[in-house]
1. Suppose we filter the range 1-22 for residues that are surrounded by fewer than 16 Cβ atoms within 10 Å (Cβ to Cβ) and either of a type in the set (A, V, I, L, M) or in contact with a strand residue (DSSP E or B) (Cβ under 8 Å, 6 or more places away or on another chain) (or both); how many remain?
Amino acid sequence: MYKIGELAKKVNISKRTIDYYTQIGLLQVETTSAANYRMYSDKTIDDLRFIELCKSMNMSLQDIKERIELRHSKNAQRRKDETCIKHAKLLATHMKQLDTEIKELKPIIENLNEDSKAEVAQHITKETKALMQSLMLFMK
């Protein structure tokens, strides 16, 4: 169990951010100590890493909250199914946006010098491979 300051140091996120996430329901306090300290479990570390990953993908805090609730849900399968379908639709929308961006960038990239093209390709190749692997797991 971690006090908020210990948790903040462990995951390199400010106490203020952790407090805010707790207030809006993204994080759950596991217990409160006799000295009135909020205590967080190891599960909170996983949740914070998940939140940061989602934020890096420009997800809204509301969408992140829904995904965390889904991860922790022990409710009926129907709710999980509905949420999964909603997120699949959101994923499809993101993929369409990426397709549009790629089409817009292609002529710009074609006009770059060879070194710049190679650098762009290096960044895109890593991300493309990771995305393809994720999509393949999703489609199984």
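The values are calculated or read from the model by the stated rules, or taken from the named source; none is laboratory data. All figures in this text were calculated on a predicted structure; none of them were measured in a lab. Every residue, glycine as well, gets a Cβ built from its backbone with ideal geometry; the counts of neighbours run over all protein chains shown.
1. Matching residues across the range 1-22 total 3.
Rundown of residues vs (1) under 15 Å from the mean Cα position of the chain (by Cα); (2) at pLDDT below 90, yes/no style:
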{"residue": "Tyr2", "(1), (2)": "no, yes"}
{"residue": "Lys9", "(1), (2)": "no, no"}
{"residue": "Ile24", "(1), (2)": "no, no"}
{"residue": "Thr31", "(1), (2)": "no, yes"}
{"residue": "Arg38", "(1), (2)": "no, yes"}
{"residue": "Ile45", "(1), (2)": "yes, no"}
{"residue": "Ser56", "(1), (2)": "yes, yes"}
